[in-house]
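Right, one structure below, let's go through it.
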């Protein structure tokens, strides 16, 4: 087993390699869109993005795949991983990235060890892949081989129980899985149980084991969905799909503990319709948090109190489409791309880095049922 000192050195070298790659790429990025393939899309889509001008090229198919709804990129930028969101027999697939055009070549696929896998991430060392299975309510870990392909499963956790909403929370529904900044914990938001689980992640062996305490409970019937850490590593945020609220936490990195400090609505006070949330992200500066509303069809913006992590409402900005499932903020923090699942379009926004407000740039492209948006630095 590697020592803590060896693991710290590996993480430092990985971070240095990523930083060097990003510097070499300057402001040129590939943008990947995970999609559902029941309509227009054939799989994972890719476009080019210039962070100097905010110009996005027309997306095109990077690789054909069935319902690759959520994707993750390897720290070395050579590989991309996508879930295959199927009811029974869900899969996760590995692709090799062509650095010249962003196109993908399938390496292999593996069972997700559950049904309807909906979220995937890669640990900071690039040695393990983590997957959340929505319908079956489980989390799985896989070893990654040197060639980027998916190896054997090294860890698994099955959730159990139910929530107060008998229609949506009849059982566990793991909706996201994220690594802590220090790579020591895996956080799983479970919509069906109103819990955010914290697992101890062994970056040497790829195992996940319950932390103490094993989970934090959020608002009853809220349905925690996606999760994001603040850049200062002291705060974290979960967006509650059914409750349309963002819950702010303080994060104890030493013990892997979350403590709730606030829950705030993502909707304007005069809204009376039906809406659910999807994505939450923290701006690279740490000054703002954004969340998507499906029904109200908007992106909610909040200002972060840097001392407490609490949020104050800035406003809601139209997604320029129907059902904004996900969005991505480019690494410079100047631009956002929103993905509208039910209107088959993606929209580019300019971010005011002083106020956090969003302004549409007028760029809009057709992408069939877009679900996920990921930026990756492109080599010159």
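Read-outs throughout are calculated quantities, based only on the coordinates presented, and are distinct from any laboratory measurement. This one's a predicted model, so the numbers in the text were calculated from it and none came from an experiment. Here the Cβ is made from the backbone with ideal geometry for all residues, glycine too, and neighbour counts use every protein chain on show.
Things to note:
- Principal axis box of the stretch 106-194, alpha-carbon based, largest edge first, Å: 45, 28, 18
- Here the Gaussian network model covers the chain, with springs between Cα atoms less than 10 Å apart; of 115, 265, 298, 265 fluctuates the most.
- What separates the Cα centres of the stretch 169-203 and the stretch 61-137 is a distance of 18 Å.
- The stretch 283-317-the stretch 340-380 distance, computed between alpha-carbon centres (Å): 16 Å
- Contour minus Cα-Cα distance for residue 200 and residue 366 (0.36 nm per residue): 55.7 nm
- Among 191, 80, 107, sorting on how many other beta-carbon atoms sit within 10 Å of each Cβ, with the fewest leading, yields 107, 191, 80.
- Rg/Rh (Cα only; Kirkwood hydrodynamic radius) as it applies to the stretch 298-380: 1.00
- Here 27, 135 are placed in order of increasing Cβ neighbour count within 10 Å, fewest first, which gives 27, 135.
- Least to most buried among 319, 109 (fewest other Cβ within 10 Å first): 109, 319
- Descending semi-axes in Å of the stretch 91-247, equivalent ellipsoid built from Cα gyration tensor: 27, 17, 15
- Length added when fully stretched, residue 53-residue 313, from 0.36 nm per residue minus Cα-Cα: 90.8 nm
- Normalising the Debye intensity of the stretch 94-137 to I(0), with uniform scatterers on Cα atoms only, and taking log10 at q = 0.13, 0.19, 0.23, 0.25 Å⁻¹ returns -0.38, -0.74, -0.92, -0.98.
- Semi-axis lengths, Å, the chain, gyration tensor of Cα atoms, sqrt of 5 times eigenvalues: 26, 26, 21
- Projected over every direction and averaged, the convex hull enclosing the alpha-carbon atoms of the stretch 223-334 yields 6.8 nm².
- Each peptide in 207-214, 161-168 was scored by the mean count of other Cβ atoms within 10 Å over its residues; highest first, the order is 207-214, 161-168.
- Helical content of the chain, expressed as a calculated mean residue ellipticity at 222 nm, amounts to -2000 deg cm²/dmol (DSSP H runs of 4 or more residues, -39,500 (n - 2.57) each, divided by residue number, nearest 500).
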